[in-house]
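Every number here is computed from the coordinates shown, using simple stated rules; none is lab data. Note that the coordinates shown come from a computational prediction; the quantities given were computed from them, not determined experimentally. Ideal geometry is used to build each Cβ from the backbone, glycine not excepted, and the neighbour counts take in all protein chains shown.
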Amino acid sequence: MHKYGDCSFCGGEVKCEKVEFDYRYKEKLYIFKDVPAGVCQQCGEKYLTAKVAKEIERRIQTKEKWDKTILVPIDVFSEGITA
Ligand SMILES: [Zn+2]
């Protein structure tokens, strides 16, 4: 099992978990479930190993039948709201 270093954002401990991971590729949003990733126990930042990231790209490029496709509503915040 891959040993993750400490979180590069907050320094928290990163543990291996199976997570849901969003991946944007060429104007499309893909969601992968049960992805083995490192998750920071403090801030929740997710880390993928190079191997897993490569596998995600490979699936996007070669997979023809996806388990499920959902609609993703998009809203563009109009003017008038500032943070
Ligand atoms: Zn963190």
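Given 3/28; 33/54; 3/46; 28/65; 26/51, which pairs have Cα atoms separated by over 19 Å?
Pairs exceeding the cut-off: 3/28; 26/51.
Which longest uninterrupted range of the chain lacks any chymotrypsin sites (Phe, Trp or Tyr not before Pro) assigned by DSSP to a loop state (not H, G, I, E or B) and surrounded by at most 14 other Cβ atoms within 10 Å?
Between exposed loop sites, the widest span is 10-65.
What GluC sites (Glu not before Pro) in region 36-83 are in a loop by DSSP, with at most 13 other Cβ atoms within 10 Å of the Cβ?
Passing sites in region 36-83 are 64, 79.
Can you tell me the relative contact order of the chain? Whole percent, Cα pairs under 8 Å, sequence separation 6 or more.
The normalised contact order for the chain reaches 20 percent.
Using the Karplus equation 6.51 cos²θ - 1.76 cosθ + 1.60 (θ = phi - 60°), what ³J(HN,Hα) coupling, rounded to whole Hz, does each residue of region 38-44 give in order, writing x for Gly and Pro?
Here the 3J(HN,Hα) series is x, 10, 5, 6, 9, 10, x Hz.
What does the C-alpha gyration tensor say about the overall shape of the chain? Classify as rounded when a/c is under 1.5, otherwise prolate if a/b is larger than b/c, or oblate.
Taking the square roots of the gyration eigenvalues as a ≥ b ≥ c, the chain is oblate.
If I model a spin label at residue 3 and residue 67 as a point 7 Å from the Cα along the Cα→Cβ vector, what separation in nanometres do I get?
According to this spin-label approximation, the distance is 3.1 nm.
Under the Karplus relation 6.51 cos²θ - 1.76 cosθ + 1.60, θ = phi - 60°, what is the ordered set of whole-Hz ³J(HN,Hα) values for region 67-78, x standing for Gly and Pro?
Per residue, the Karplus-derived 3J(HN,Hα) values read 5, 6, 10, 10, 7, 10, x, 10, 10, 9, 4, 7 Hz.
Please give the contour-minus-distance gain from residue 51 to residue 28: 0.36 nm per residue of separation, less the Cα-Cα distance, rounded to one decimal in nm.
Using 0.36 nm per residue and subtracting the Cα-Cα distance, I get 6.1 nm.
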